[in-house]
Amino acid sequence: MASSLCVGIAGAGLLGRLLAWRLARAGHAVQMFDAAAGPEPVFRSQAPDAGHVPTAAGFTAAGMLSPIAELDNAEPAVAALGWRSIALWRSIVAALPEPRPLFSVQGSLLLAHRADLGAAQRVLARMQAAVATPEWRAASPTEGVQPLDAATLRALEPSIQGPAHAWLLPGEGFIDTVATMAALYSGAVGADWHWGRRVLAVEAGEGGGTLRLADGRVLAFDAVIDVRGVGAQAALPVRGVRGEVITLDCPGHGLTRPVRLLHPRHRVYVVPRSARQLIVGASEIESEDRSPVSLRSAVELMAAAHSVLSALAEARIERLDVNLRPALPDNNPLVEHGARLLRINGLFRHGWLLAPALVEQALRSTGWAPAMNTEQELA
Ligand SMILES: Cc1cc2nc3c(=O)[nH]c(=O)nc-3n(C[C@H](O)[C@H](O)[C@H](O)COP(=O)(O)OP(=O)(O)OC[C@H]3O[C@@H](n4cnc5c(N)ncnc54)[C@H](O)[C@@H]3O)c2cc1C
């Protein structure tokens, strides 16, 4: 592995914080630059006029870790990275400072109302086809989707009422994204964070690389990393895909697993975040519009969630949030590196599912940090 390097990182979102944490632990000097005003999230409902202020998509994400369900939108290679990431999140969360973020792997549920069985069966057929591939079998610790009868569903999640059809996706889970972003920031001991610093270019240079800042400075480092997400449009053909989520306060909701409702027009999910908080998401709109959540999305997402969780009738709407998922033309992730310049982008709708495995691969191939293997190695 490389001796200690001074690494400049552009972007302190999900990937940036994970890289800072990992590189600091590997003994490198890390300098972080982000256009956001500080390390905390800015939710759109708290600052509806803040459409121009960048805030990481990592904060907005519901934190579903769904290698099986994502087969509906992604290739089996994404699922393979996802299984690796779930194993890595377990180790990473165990090594983060207290209070540790909520991370749970007890499977997730797919639900469909009687009238939507046709649409559900088409989605399930796509997942089953992927599960039958050798690539899947080599990477997956589970057999794939399991149908549930009403009694088993009631035993697993007594608070769910209404859907006629249910399936368990074993091995899937969720993570508290806001708490994990905070813990990676405080856990990256020794990293220096520079907020309100927009980076215009990340470039390879003589024996290292440079960050060109909007204030005119050009800073040189032994190595540079570009993880600006949608903010990297000058370097990569990345686009933003709008997503809207709703945070609900619902004391005693009782839900312990993420739930996905199959529906002809939406992929609605409900993810528990604490004993009283739930996240309902998410729209997926091909637009870089960061304006506040539309009435249509809010009504449709909440009505669908309420149709399977009647306790939501008395929930309070804590906030509505919007962000852009960074996606490349093929919707697949990209890891690109030269001797001292690394770019990772295009994590699209599965950044939390992919980030640990991609960071591990990238740091191993650059030689800047070894694979993250077990809890013991990380502790
Ligand atoms: C509504 C929604 C729901 C989602 N749900 C899930 C989910 O359930 N599961 C899942 O796995 N994934 C989910 N995702 C996807 C996940 O959030 C993203 O894939 C992930 O956050 C991408 O990480 P990133 O580090 O590339 O980008 P980001 O997290 O967006 O971070 C980019 C950072 O770069 C900074 N930046 C931008 N431009 C500049 C610049 N010029 N100079 C300096 N800094 C800059 C930004 O301020 C930001 O901090 C969801 C996303 C959205 C929007």
Exercise. All but one of (1) in contact with a Phe, Trp or Tyr (Cβ under 7 Å, 6 or more places away or on another chain); (2) within 15 Å of Leu248 (Cα to Cα); (3) among the aliphatic types (A, V, I, L, M) hold for Leu278, so report the exception by its number.
Key: (1)
Practice problem: Could you check Ala298 against (1) among the hydrophobic types (A, V, I, L, M, F, W, C); (2) crowded, with 22+ Cβ neighbours inside 10 Å; (3) assigned to a helix (DSSP H, G or I) and say which number it fails? | Solution: (2)
Quiz item: Are any residues in the range 163-201 surrounded by 21 or more Cβ atoms within 10 Å (Cβ to Cβ) and near the ligand (Cβ under 9 Å from one of its atoms), and if so, which ones?
Solution: Phe174, Ile175, Thr177, Met181, Val199
Quiz item: Scanning for something at pLDDT 95 or above, over 30 Å from Leu363 (Cα atoms), in contact with a Pro (Cβ under 8 Å, 6 or more places away or on another chain) and not hydrophobic (A, V, I, L, M, F, W, C), does the range 285-303 turn up at least one residue?
Solution: no
Quiz item: What are the residues in the range 232-255 that are farther than 16 Å from Leu341 by Cα and either open to solvent by 50 Å² or more (accessible area, probe 1.4 Å) or of a type in the set (D, E, K, R) (or both), if any?
Solution: Gln233, Pro237, Arg239, Arg242, Glu244, Asp249, Pro251, Gly252
Quiz item: Hey, among Val271, Val280, Val259, which residue is in contact with a helix residue (DSSP H, G or I) (Cβ under 6 Å, 6 or more places away or on another chain), within 14 Å of the ligand (Cβ to nearest atom) and within 27 Å of Glu70 (Cα to Cα)?
Solution: Val280
Quiz item: Out of the residues in the range 209-231 that are among the acidic types (Asp, Glu) and open to solvent by 20 Å² or more (accessible area, probe 1.4 Å), which is farthest from Gly162 (Cα to Cα)?
Solution: Asp222
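Every residue, every condition in (1) over 27 Å from Ala10 (Cα atoms); (2) in contact (Cβ under 8 Å) with a residue 60 or more places away in the chain, yes or no:
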position	(1), (2)
Arg44	no, yes
Gly63	no, yes
Trp83	yes, yes
Ser91	no, yes
Ala94	no, yes
Gln106	yes, yes
Leu111	yes, yes
Ala120	yes, yes
Thr133	yes, no
Quiz prompt | Pairs, first over 16 Å from Glu318 (Cβ atoms) in the range 286-301, second modelled with pLDDT under 95 and open to solvent by 60 Å² or more (accessible area, probe 1.4 Å), C-beta under 7 Å, six or more apart | solution = none
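The values are calculated or read from the model by the stated rules, or taken from the named source; none is laboratory data. Predicted model, so just to flag it, every value in this text is computed and none were measured. Note that we place each Cβ from the backbone using ideal geometry, even for glycine, and neighbour counts take in every protein chain shown. Remember, those area values only see protein heavy atoms, side chains included, never the ligands or the DNA or RNA. Shrake-Rupley method; radii C 1.70, N 1.55, O 1.52, S 1.80 Å.
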